[in-house]
1. From the residues GLN332, ALA209, LEU265, which one has its Cα farthest along the dipole of region 189-337 in the positive direction, the dipole being from +1 and -1 charges on Cβ of Lys/Arg and Asp/Glu about the Cα centre?
2. Efficiency by 1/(1 + (r/R0)^6): what FRET value for GLN7 and ILE69, r their Cβ-Cβ distance, R0 = 25 Å, to the nearest 0.05?
3. Place a point 7 Å from the Cα of MET29 along the Cα-to-Cβ direction; which residues of region 310-339 have their backbone N under 11 Å from it?
4. Can you list the equivalent-ellipsoid semi-axes of the chain, largest first and in whole Å, using the square root of 5 times each Cα gyration tensor eigenvalue?
5. Sorting check: for 63-70, 36-43, which peptide has the highest mean count of neighbouring beta carbons within 10 Å, and how do the rest follow?
6. Principal axes first, then extents: for the Cα atoms of region 135-234, list largest minus smallest coordinate on each axis, whole Å, largest first.
7. Restricting to bridges with both residues inside region 1-105, how much of the DSSP beta-bridge set is antiparallel, in percent to the nearest 5?
8. Working out 0.36 nm times the residue gap between TRP219 and ASP200, then minus their Cα-Cα distance, what length gain in nm do you get to one decimal?
Amino acid sequence: MMPKPTQKKVAVIGAGIAGLSCAIQLQKMGFGVELFEKSRGPSGRMSTRQGKDWVADHGAQYFTARDPILIAEMSAWIATGIVSLWNPKIGIYEGGQWTESTSHEKRFIANPGMNALGKYLAKDLHLHFNQTIDQISPIRNGWQLSSKESGLINTLFDFLIIAIPAPQAAQLTKSLSKEIQSIFNSVQMDGCWTVMANLDQKSSLAFDAAFINGEIISWICRNQSKPHRNSNSNGKDNETWTIHASPSWSQDNIELEATEASAKLIECAKKLGLDCTHAEISTHRWRYASGSAKPSPECILILTQNLGFCGDWLNGGRVEGAWLSGYKLASQIEQTQNQTPT
Ligand SMILES: Cc1cc2nc3c(=O)[nH]c(=O)nc-3n(C[C@H](O)[C@H](O)[C@H](O)COP(=O)(O)OP(=O)(O)OC[C@H]3O[C@@H](n4cnc5c(N)ncnc54)[C@H](O)[C@@H]3O)c2cc1C
């Protein structure tokens, strides 16, 4: 949707769940919103990898909806089938022992892959993909952007929303004031090594997913246990598992070669009873997977500069927090607009 000439123009950097949520609300309020995303699609860390004949959610595995605002929004997502409840049998592994989780947490997933929610949220928005914003400049009460791929972007924006992980936001804003740079002082984000293993046969594990304590691995999940992912595209019912290393091990070993990291995870998985020796393996390094500011401000609006920040790192570090962070930033902007004398 192109902005009308009289509309206030907002640039949103990052089309993850936070940026998308903020953009949708701002567009509803009448702003002309454009999103800039460095990847070739939306959804950020809520992502799905497509293999030759398999798919696997390799970022966020599921999300919660505890806040009434998100619960209300979710009814539309559930009605369209984009989101559904996932009821996995979850194991807990600790000290060589397995137990079954007794948690009653409601876990939601997007269909047919976690990235489907981002695609759905993006459908009525004006997005520019493959645009890595590498420079932002405050000019005449507005903002000018440049991207690595296209150079100077030929629009002067009234507002700028930065919806990217804290370390990347710190890098992008390093030429701005000390006050802005201090926002990032308390935020530590850890990486995550992820292995996706497409097995050549069914595993003998008794669980759909498991939290692992005290090992290199912290989470394993059989993708086919989620709704709408029953079989692989080759028609075979072999299993694809997502394996996440723990935040602390990942961060300590973030500079390993991918083959070395995946060998460690595969060795640990075997100890848990998930033998990936003959599996097709795909590995991903998330440089900034998890972490958040404490205490969490939910979002940040610097009205004197028409600048806002949203993202999971400002609100607890999960999908739910990211969505709410974007939503709340848009609400704060709306309130200030209503207060501005005409
Ligand atoms: C391995 C892993 C497992 C997880 N598991 C769960 C889970 O089970 N449940 C849960 O709730 N959460 C989980 N999370 C966290 C969840 O994915 C995030 O909290 C949420 O997706 C963050 O959304 P966001 O919009 O704040 O950031 P992001 O999703 O990171 O979105 C930021 C976007 O900005 C883009 N970008 C960055 N820099 C630039 C730039 N300079 N120019 C343009 N675009 C840029 C990125 O490409 C990205 O698309 C997990 C994350 C990871 C990595």
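1. Of the candidates, GLN332 comes out farthest on the positive side.
2. Values: r = 25 Å, r/R0 = 1.00.
Efficiency at R0 = 25 Å is approximately 0.50.
3. Within reach of a label on MET29, which here means backbone N under 11 Å from a point 7 Å along Cα→Cβ, region 310-339 contributes 327-339.
4. Values: eigenvalues 280, 87, 69 Å².
The three semi-axes for the chain are 37, 21, 19 Å.
5. Numbers: 63-70: 15.8, 36-43: 20.0.
Taking the mean over residues of other Cβ atoms within 10 Å, the ranking is 36-43, 63-70.
6. 63, 36, 21
7. Details: 7 of 12 bridges.
In region 1-105, approximately 60 percent of DSSP beta bridges are antiparallel ones.
8. Details: separation 19, 0.36 × 19 = 6.84 nm, distance 2.08 nm.
Full extension from TRP219 to ASP200 adds 4.8 nm.
The values are calculated or read from the model by the stated rules, or taken from the named source; none is laboratory data. Model, not experiment: these values are computed from the prediction. Ideal geometry is used to build each Cβ from the backbone, glycine not excepted, and the neighbour counts take in all protein chains shown. In case anyone asks, the SASA skips ligands and DNA or RNA and just uses the protein heavy atoms, side chains included. Shrake-Rupley method; radii C 1.70, N 1.55, O 1.52, S 1.80 Å.
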